[in-house]
Amino acid sequence: MYRPEPDRDSRQWWERLAGGEFAVQECDACATVRFPPRAFCPACRTEAWRWRAVEPEGTVESWIVNHQPFMPGFQVPYVVVMVRPATVPGCLVYGGWRGERPPEPGERVRAVRIRVDEELSLVDWIPAETSERADIHPFDRKSSH
């Protein structure tokens with residue numbers, strides 16, 4: 001199983017994810033939201049930022065079917081989706097696809113947490129109308145400030 005290596009910029013994101021919170025960075029100076037986490041704002045270059053809790057739902061912007069494994073342990077083919085969160089339309093986030101059919105452009109989706117173990121969770125996306133399943137966990141809806 002692929003295990004991402006958290007770095008200085010992403011460590012808190014991975015910790016929040018494992019704790020059940022879906023969040024993105026928000027610039028303190030210009031309020032630009034960004035994903036994935038990084039040290040400075042791409043819009044104004046400011047290094048000051050905070051975490052912003054995001055509703056774990058949005059619409060499919062794009063996706064790709066990978067036929068080559070990105071890392072050892074990935075089962076091919078696998079789908080990666082780009083999703084525009086409903087509450088932060090200027091941001092795109094990505095994750096795996098857990099739908100039973102291919103995603104569709106503009107489709108409403110929700111994020112689910114895939115718990116690998118106590119320390120690691122991953123983000124996957126499912127169609128919004130999908131029923132609860134034992135292998136997926138919803139995100140907590142709480143403030144990140």
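For a quick check of your reading: which strands (runs of 3 or more DSSP E) sit entirely within the range 1-119 and have at least 2 residues that are aliphatic (A, V, I, L, M) and crowded, with 17+ Cβ neighbours inside 10 Å?
On the way: elements: 23-27, 49-53, 57-66, 78-85, 93-97, 108-115.
Strands (runs of 3 or more DSSP E) meeting the threshold: 23-27, 78-85, 108-115.
Scanning for something within 15 Å of the chain's Cα centre (by Cα) and either over 20 Å from ALA111 (Cα atoms) or touching a residue at least 40 places away in the same chain (Cβ under 8 Å) (or both), does the range 69-84 turn up at least one residue?
Yes, the conditions are met somewhere in the range 69-84.
FYI, it's all coordinate maths here, none of it is from the lab. Treat the numbers as computed from the prediction; the structure is a model and nothing was measured. Using ideal geometry, Cβ is built from the backbone for each residue, glycine included, and neighbour counts are taken over all protein chains shown.
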